[in-house]
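Here's the structure, in C-alpha cells; my notes come after.
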Amino acid sequence: MFNLIRNKLMVQDDDLQLRGAVEADETWVGGKAKAYPKKTRQEHEARKTPVLAAVERGGKVVAKITPYSRAAYRHVRQFVMPTSTLYTDDWPGYRRLIREYDHHVVNHSAKVYVSGDVHTQTTEGFFGNINMGVRGAHHSISRKWLQGYLNEWTWRYNHRDDPRAMFLTLIHRGASTQAL
C-alpha cells in the first residue's frame with residue numbers, strides 16, 4: 001500500500017518548471033564504501049544509484065534517479081527554466097549547461113563550499129533529509145523502490161508550507177482522483 005501511495009499519490013509533476021535561483025546537485029544512494037572493503041571503487045559505485053535534485057531557493061524541489069551519473073544535466077534542462085540562475089558544484093557534467101543558464105559554480109574540489117550566495121547548501125539539506133529518513137526509518141532502500149521514496153520526500157518538501165496538514169492534502173488528493 002505504501003508503494004502505491006508513493007508512486008501514485010505522491011508522484012512528482014513532470015511538468016514542474018523551477019525558476020529563479022535554482023541549485024542542482026547529484027548524489028549516490030546505496031551504502032557506505034566501508035561496507036564493501038574488498039570491492040574496487042567501480043564495483044562499489046555499480047551498487048549505488050545516481051540521483052539528481054534541483055531546488056528553487058525558498059521554493060520547490062525535483063528529485064529523480066538518473067540512468068547514469070553523467071546524464072544529470074538532462075534533468076536540469078528538463079526541470080529548470082532557461083531564464084533561471086543555476087548554482088552547481090564543479091562536477092564536470094554541469095559544464096554543458098554554462099551556455100544555457102546564468103551558471104555559477106562552487107569549487108568543492110578546492111574545499112570551497114560557500115562563496116557569497118554561490119552554494120548548493122539547500123540541495124545538500126534536502127539530501128540530508130533523505131539520508132536521515134533512510135537511516136532512521138527504513139535502514140536501506142532497494143534501487144527498485146528508490147524513486148517512490150524520492151517522490152515521498154519531494155512531496156513532503158514541496159508541501160512543507162501548506163496551510164492544510166499534509167495528511168489531509170494527501171487524503172483529499174486520493175479521494176479526488178482515481179489514482180489508486
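The values are calculated or read from the model by the stated rules, or taken from the named source; none is laboratory data. Just so it is clear, the structure is predicted and the values come from calculations on it, not from any experiment. A quick note on method: Cβ atoms are made from the backbone with ideal geometry, for glycine too, and the neighbour counts reach across all protein chains shown.
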Considering residues of region 89-114 that are free of Cβ contacts under 8 Å to residues at least 24 places away in the same chain and of a type in the set (A, V, I, L, M, F, W, C) only, the residue surrounded by the fewest Cβ atoms within 10 Å (Cβ to Cβ): Ala110
Filter pass, Ala110 being under 13 Å from Thr27 (Cα atoms) and among the aliphatic types (A, V, I, L, M): no
Tell me which of these Val118 doesn't satisfy, since it passes every other one: (1) closer than 24 Å to Tyr87 by Cα; (2) touching a residue at least 60 places away in the same chain (Cβ under 8 Å). (2)
Just to be sure, is Ala72 surrounded by 13 or more Cβ atoms within 10 Å (Cβ to Cβ), under 21 Å from Gln17 (Cα atoms) and modelled with pLDDT under 85? yes
Just to be sure I understand the filter: pairs with C-beta atoms under 7 Å, separated by 6 or more residues or on different chains, first member in region 136-160 and among the acidic types (Asp, Glu), second member assigned to a loop (DSSP other than H, G, I, E, B). Which pairs pass? Glu152/Met10
Please indicate, with yes or no, whether at least one residue in region 85-93 is modelled with pLDDT under 90 and assigned to a helix (DSSP H, G or I). yes
Filtering region 75-88 down to residues that are crowded, with 19+ Cβ neighbours inside 10 Å and under 21 Å from Tyr149 (Cβ atoms) yields His75, Phe79
Only residues that are closer than 15 Å to Gly30 by Cα, among the hydroxyl-bearing types (Ser, Thr, Tyr) and assigned to a helix (DSSP H, G or I): list them for region 124-156, please. Tyr149
Counting only residues that are surrounded by fewer than 15 Cβ atoms within 10 Å (Cβ to Cβ) and either of a type in the set (Lys, Arg) or in contact (Cβ under 8 Å) with a residue 60 or more places away in the chain (or both), how many does region 122-135 have? 1
